[in-house]
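For reference, the structure is listed below as structure tokens.
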Amino acid sequence: MLVDSILCYLQHARAAKLFLEVEETNLSALALYRHFKFKKIAKRLAYYQSPNGRKNAIIMQKTFKQTD
């Protein structure tokens, strides 16, 4: 899976954190990111424009554990 590959690459590259944002009603994306241990850290109100009005963005973060 693409997400697995990216996370593996970043872990080996010794990244400390990864941030992303997702529209808050995109439940399948939110479930996917939670599966990969992303945590909600903030919300941007009325961030996205849509035909039905403005939508909020959820900002998520994954922290990588560094191993020696």
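So, of the residues in the range 49-67 that are at pLDDT below 95 and under 19 Å from Leu7 (Cβ atoms), which turns out to be surrounded by the most Cβ atoms within 10 Å (Cβ to Cβ)?
Looking at residues that are at pLDDT below 95 and under 19 Å from Leu7 (Cβ atoms), I get Gln66.
Going by the structure shown, is Ala46 over 17 Å from Leu7 (Cα atoms) and outside any loop (DSSP other than H, G, I, E, B)?
yes
So, of the residues in the range 1-42 that are of a type in the set (D, E, K, R) and outside any loop (DSSP other than H, G, I, E, B), which turns out to be farthest from Ile59 (Cα to Cα)?
Here is the first cut: in the range 1-42, the ones of a type in the set (D, E, K, R) are 4, 14, 17, 21, 23-24, 34, 37, 39-40.
Keeping just the survivors that are outside any loop (DSSP other than H, G, I, E, B) gives 4, 17, 21, 23, 34, 39-40.
Numbers: Asp4: 20, Lys17: 13, Glu21: 4, Glu23: 9, Arg34: 12, Lys39: 8, Lys40: 6 Å.
Among residues in the range 1-42 that are of a type in the set (D, E, K, R) and outside any loop (DSSP other than H, G, I, E, B), the one farthest from Ile59 (Cα to Cα) is Asp4.
Across the range 1-36, what is the total count of residues that are within 22 Å of Thr67 (Cβ to Cβ), surrounded by 11 or more Cβ atoms within 10 Å (Cβ to Cβ) and either under 11 Å from the mean Cα position of the chain (by Cα) or of a type in the set (Lys, Arg) (or both)?
4
Could you please tell me which pairs satisfy a Cβ distance under 9 Å, a separation of 6+ or placement on different chains, a first residue in the range 13-24 that is in contact (Cβ under 8 Å) with a residue 24 or more places away in the chain, and a second residue that is of a type in the set (Gly, Ala, Ser) and surrounded by 11 or more Cβ atoms within 10 Å (Cβ to Cβ)?
Pairs that qualify, where the first residue is in contact (Cβ under 8 Å) with a residue 24 or more places away in the chain and the partner is of a type in the set (Gly, Ala, Ser) and surrounded by 11 or more Cβ atoms within 10 Å (Cβ to Cβ), are Glu21/Ala42; Glu21/Ala57; Val22/Ala29; Val22/Ala57; Glu23/Ala29; Glu23/Ala57; Glu24/Ala57.
The values are calculated or read from the model by the stated rules, or taken from the named source; none is laboratory data. Predicted model, so just to flag it, every value in this text is computed and none were measured. Backbone-built Cβ (ideal geometry, glycine too); neighbour counts: all protein chains shown.
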